[in-house]
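J.: I'd like to ask you about the structure that follows.
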C-alpha cells in the first residue's frame, strides 16, 4: 500500500486526482488533501506518507518552497503543474516526476509505476536532496543535471558536458574534464532538456554541445575540441552544418 498526501490549492484538481486514484490505483491510499504548503507541511509531519502529490504554483508559497523548507524528506514526490517552462525544466533536471494538469490517466499510471520502482531501491541521500533543493530554488542558468552514478549523486552543469552518447535506454555523458557518467535516462530525454541550452542532436546516438565543436566538415564526422570524432547522420547533415555555422 502506498500512503499518499496531496497539496493542491484548486478544489477541482484535488477532486480529479482523488477520483483517478480510486478508479485506477487501489494500492494508493490518499490520506489527505491540503490547499497550501503550511497546512500541508503539518500534515506531512502527522501522516508520514510514502508519496506526495505537490502542486507547483500556489498562493502563499509554491511547492518548491515547501521542499526548501523541509530540506530533507523521506517520501517520493510527484509534482503537478500547469505548463510552466522553468518549473518543468527544474523538475526534470532534478530527476523528479511531474504531471501536467489536468492529469491524464496514462501519465499518472506511469508516474506511479516509477515511484514503485524507486521504493524498492535505496532511499535518496542528503546530498541528492540538497541538489534537488538547489535546482528548485535557484536561477535557471544555475540548473544542474542530477545523475546517479557509481553509488552516488552527481550535480553536473550542462556547460561542462562535451557530448552525450546513447547506450540502449541509457546515456553516457562525456565531460570536458574527461569524466564519463552513465545515466539511466534516454538520449531523447537529454535532447529535450538540453536543446535550448546550446546542444544539437547530430545523430540518433549523439547529442553535442555546440561550444565543443572544433570543426564542421562538409563530409565525415564532427571533430570536437577534445579530439573526439562524432558521427553525423546523412539526413541531419545539412541541418547540422547550418546550425553550427550560424
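J.: In whole percent, what relative contact order does region 1-64 give with Cα contacts below 8 Å and a gap of six or more residues? Mind showing how you got there, number by number?
T.: Values: 93 pairs, mean separation 29.5, N = 64.
It rounds to 46 percent for region 1-64.
J.: Can I ask one more? Only bridges whose two residues both fall in the chain count here: according to DSSP, what percent of them are antiparallel, nearest 5?
T.: About 60 percent, rounded to the nearest 5.
J.: Next question. Before anything else, pin down the relative contact order of the chain: Cα pairs under 8 Å, at least 6 apart, normalised by residue count, whole percent.
T.: On the way: 395 pairs, mean separation 26.8, N = 246.
Relative contact order comes out at 11 percent.
J.: For the Cα atoms of the chain, what angle does the longest principal axis make with the long axis of helix 105-119, in degrees from 0 to 90, nearest 10?
T.: Taking Cα atoms only, the helix is inclined about 90 degrees.
J.: In percent, what relative contact order does region 37-148 have, based on Cα pairs under 8 Å that are 6 or more apart in sequence? Don't jump to the answer; show the numbers that get you there.
T.: Details: 125 pairs, mean separation 30.0, N = 112.
Over region 37-148, the number comes to 27 percent.
J.: Using alpha carbons only, how many angstrom separate the centre of region 1-79 from the centre of region 164-197?
T.: 31 Å
J.: Okay, next question. Between residue 234 and residue 47, what is the label-point separation in nm under the 7 Å Cα-to-beta-carbon projection?
T.: Output for this residue pair reads 5.7 nm.
J.: From the Cα gyration tensor of region 70-155, with a ≥ b ≥ c the square roots of its eigenvalues, which class applies: rounded if a/c is under 1.5, or else prolate if a/b is larger than b/c, or else oblate?
T.: oblate
J.: Between 0 and 90 degrees, rounded to the nearest ten: what's the tilt of helix 37-47 against the longest Cα principal axis of the chain?
T.: Around 70 degrees separate the two axes.
J.: Calculate, in nm to one decimal, what residue 168 and residue 149 gain on full extension: separation in residues at 0.36 nm each, minus their alpha carbon distance.
T.: 5.2 nm
J.: Round to the nearest 0.05 the FRET efficiency obtained for residue 29 and residue 65 when R0 = 35 Å and r is the Cβ-Cβ distance.
T.: Using R0 = 35 Å, I get an efficiency of 0.85.
J.: In degrees from 0 to 90, rounded to the nearest 10, what is the angle of the helix 11-24 Cα long axis to the longest principal axis of the chain?
T.: The answer is roughly 80 degrees.
J.: Rounded to the nearest 500, what is the 222 nm mean residue ellipticity of the chain from helices alone, with -39500 (n - 2.57) per DSSP H run of 4+ residues and division by all residues?
T.: That calculation yields -10500 deg cm²/dmol at 222 nm.
J.: Tell me, what is the FRET efficiency for residue 130 and residue 22 to the nearest 0.05, using R0 = 35 angstrom and their Cβ-Cβ distance as r?
T.: 0.45
J.: Another question, then. Would you please classify the overall shape of region 6-89 from the alpha carbon gyration tensor, given that a ≥ b ≥ c denote the square roots of the eigenvalues, rounded means a/c under 1.5, and beyond that prolate means a/b larger than b/c while oblate covers the rest? Don't jump to the answer; show the numbers that get you there.
T.: Working: a/c = 1.55, a/b = 1.16, b/c = 1.34.
Verdict is oblate for region 6-89.
J.: Taking a spot 7 Å from the Cα of residue 85 along the direction of its beta carbon, which residues of region 147-186 have an amide N less than 20 Å from it?
T.: Taking a point 7 Å out along Cα→Cβ of residue 85, the residues of region 147-186 whose backbone N falls under 20 Å are 158-159.
J.: Taking every pair of alpha-carbon atoms in the chain, give the share separated by more than 22 Å as a whole percent. Don't skip to the end; give the middle numbers.
T.: Details: 17331 of 30135 pairs.
So the portion of pairs separated by more than 22 Å is 58 percent.
J.: Hey, if you drop one equal point scatterer on each alpha-carbon of region 156-245 and run the Debye formula without solvent, what base-10 log of I(q)/I(0) do you get at q = 0.12, 0.13 Å⁻¹?
T.: Log10 I(q)/I(0), no solvent term: -0.31, -0.36.
J.: Next question. According to the square roots a ≥ b ≥ c of the eigenvalues of the Cα gyration tensor, what is the shape class of region 1-143, taking rounded for a/c under 1.5, prolate for a/b larger than b/c otherwise, and oblate for the remainder? Walk me through the numbers before you get to the answer.
T.: Numbers: a/c = 1.35, a/b = 1.24, b/c = 1.09.
Note, shape of region 1-143 comes out rounded.
Here, each number is a calculation from the coordinates, and none is a lab measurement. What you are looking at is a predicted structure, and each value in this text was computed from that prediction instead of being measured. Cβ atoms come from the backbone with ideal geometry, glycine included; neighbour counts cover every protein chain shown.
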